[in-house]
Amino acid sequence: MNGWVLAAVIAVVLIVVVVKRLRGEPVNARDLLAPPLILIGIGVASVVKAEDVTGADLGWLIPGAVLGVALGAARGATIEVFERGGVLWQRYTGKSFAVAAGSLVLMAGFGFLAARAGTHASARPVQLNIGVSFLGEALVVAARGLSSKVPFAPERRRR
């Protein structure tokens, strides 16, 4: 897939996810976990396909992924998790956006350091960074939801 097309698709998906979560949405396992896992899969596939990735690149990739999960988890801790209609809902708060902005700054700084250290651009796919961040968020929201004893929303039926 063309790089620009892939970037546009990812941007649209991110905008849709953020708008839905800003308005509030029911929490179901598929919607919580599918987007980050898909983005991680795309990112890992691009790293695997890259011919110039070295062990040194992976030395930056792995800590970057861990940092991304941690920053996503911090954002997940700011999300409002509540009951509506007998099922679990989530909604981004102002703190969620503040943490997201701080996360972007930290990840940009980490990416800058990685680039200065000579890592190849193919070892720093944006999709992977976004995916691990959303995974960290999803894990925290899922844990908070499970501890609330409120059932997750059922899967939406497709027509």
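The values are calculated or read from the model by the stated rules, or taken from the named source; none is laboratory data. None of the values given here were measured: they were computed from a predicted structure. Ideal geometry is used to build each Cβ from the backbone, glycine not excepted, and the neighbour counts take in all protein chains shown. All accessible areas refer to the heavy atoms of the entire protein, side chains included, with ligands and DNA or RNA removed. Shrake-Rupley method; radii C 1.70, N 1.55, O 1.52, S 1.80 Å.
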### Proximal charge balance of THR78 [Cβ under 15 Å; K/R count +1, D/E count -1]
+3
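Per residue, what accessible area does segment 26-148 have, given a 1.4 Å probe and all protein chains present, in Å²? It would help to have the intermediate numbers written out before the result.
Working: 6000 Å² over 123 residues.
Ligands and nucleic acids excluded, the figure is 49 Å² per residue.
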### Message
Students often forget the sequence filter, so: which aspartates and glutamates lie under 14 Å Cα-Cα from LYS95 once same-chain residues fewer than 8 apart are removed?
### Response
GLU80, GLU137
### Message
Tell me the angle of helix 29-49 to the major Cα principal axis of the chain, expressed in degrees between 0 and 90 and rounded to the nearest ten.
### Response
10 degrees
### Query
Any idea how far the Cα center of segment 31-70 sits from the one of segment 83-98, in Å?
27 Å
### Task
Scan (i) 28, 20, 11; (ii) 23, 18, 16; (iii) 30, 17, 13 for the value of semi-axes √(5λ) of the Cα gyration tensor in Å calculated from this model and give just the label.
(iii)
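Could you look at the chain and say what percent of its accessible area is carbon and sulfur, using a 1.4 Å probe and all protein chains? Spell out each step's value before the answer.
Details: 6390 of 9070 Å².
The nonpolar share, carbon plus sulfur, comes to 70 percent.
Would you please name the GluC sites (Glu not before Pro) within segment 75-159 that are DSSP coil residues with at most 14 other C-beta atoms within 10 Å of their C-beta?
Values: sites: GLU80, GLU83, GLU137, GLU155; in loops: GLU155.
Of the GluC sites (Glu not before Pro), the ones in loops of segment 75-159 whose Cβ has at most 14 other Cβ atoms within 10 Å are GLU155.
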### Task
For n ≥ 4 DSSP H runs only, could you compute -39500 (n - 2.57) per run for the chain, divide by its residues and tell me the 222 nm figure to the nearest 500?
-24000 deg cm²/dmol
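Within 15 Å, Cβ to Cβ, of ALA65, how many net charges do the neighbouring residues add up to if Lys/Arg are +1 and Asp/Glu are -1? Don't skip to the end; give the middle numbers.
Numbers: positive: ARG124; negative: ASP57, GLU137.
Local net charge: -1.
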### Query
Do you know the relative contact order of segment 26-148, to the nearest whole percent, from alpha carbon pairs under 8 angstrom that are 6+ apart?
48 percent
### Query
Suppose every K and R has +1 on its Cβ and every D and E has -1 on its Cβ; what is the size of the dipole of segment 26-148 about the Cα centre, in Debye to the nearest 20?
240 debye
### Query
THR93 to VAL105: extension gain in nm, 0.36 nm per residue of separation minus the Cα-Cα distance?
2.4 nm
### Query
Taking amide H positions as placed 1.01 Å from N in the peptide plane, with prolines and chain starts having none, which residues 5 or more places from THR93, or on another chain, fall under 5 Å of its amide H?
GLU80
### Query
With θ set to phi - 60° and the Karplus curve 6.51 cos²θ - 1.76 cosθ + 1.60, what are the ³J(HN,Hα) couplings of segment 7-19 in order, to the nearest whole Hz, using x for Gly and Pro?
4, 5, 4, 5, 4, 5, 4, 4, 4, 4, 4, 5, 4
